[in-house]
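One structure is given here, and the rest of the page talks about it.
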Amino acid sequence: MSDRSQEFLCKAMELAKESGAFFEKTLHSCGDGLGREVFDLLADQGSQHKERIGEIYDALRRGSDWEGACSLDEADVQNVQDVFQAMAEKYAPKGSCATELTAARAALDLQAAAVGLYDVWLEESEEGQEQRFVNRMIGELREQRVLLADLIEYYEDPEGWAMAQERGGLDGA
């Protein structure tokens, strides 16, 4: 494993740990409802993310190349907006407690930092499996950002959010 790959994997693992701890803490501070369900999903995804990075790191340390260390399973990837809409339909639109809204905004900042790290890594990575891995991580983080942005919009303007999801118009037609 190159020093560059090891450095990026270590940074990615640290960010994954920080994000996971944040999502876990936030999950337990949220009441029952949409915010809790979203942060529960993000905590689960963060655990999977951290585990995947750890497995790749261990394989590369044992001498495997990226092709051997990184088998990208194409798991069922659902459209995050569909996932959020399905969650939101279970709850009556209402305002959020400041904690959930603040946490969602802080989570967006965490995700932005992680995407920034992966963007730099992508620029410096070698062609092939390493780039595919980094691109996949960026894609997963961007999907989580969409989910968090939906949560913020839902809390700030539930009626507007519902109208946008139904693709309703104001022309009366």
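The values are calculated or read from the model by the stated rules, or taken from the named source; none is laboratory data. All figures in this text were calculated on a predicted structure; none of them were measured in a lab. Cβ atoms come from the backbone with ideal geometry, glycine included; neighbour counts cover every protein chain shown. Calculation scope for accessible area: heavy atoms of the full protein, side chains included, ligands and nucleic acids excluded. Shrake-Rupley method; radii C 1.70, N 1.55, O 1.52, S 1.80 Å.
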Subject >> Condition broken by Glu100, with the remaining ones in (1) open to solvent by 20 Å² or more (accessible area, probe 1.4 Å); (2) part of a helix (DSSP H, G or I); (3) modelled with pLDDT under 85 satisfied >> reply: (1)
Original post:
Within the range 17-40, which residues are crowded, with 22+ Cβ neighbours inside 10 Å and touching a Gly at 6+ places or on another chain (Cβ under 9 Å)?
Top reply: Ser19, Phe23, Thr26
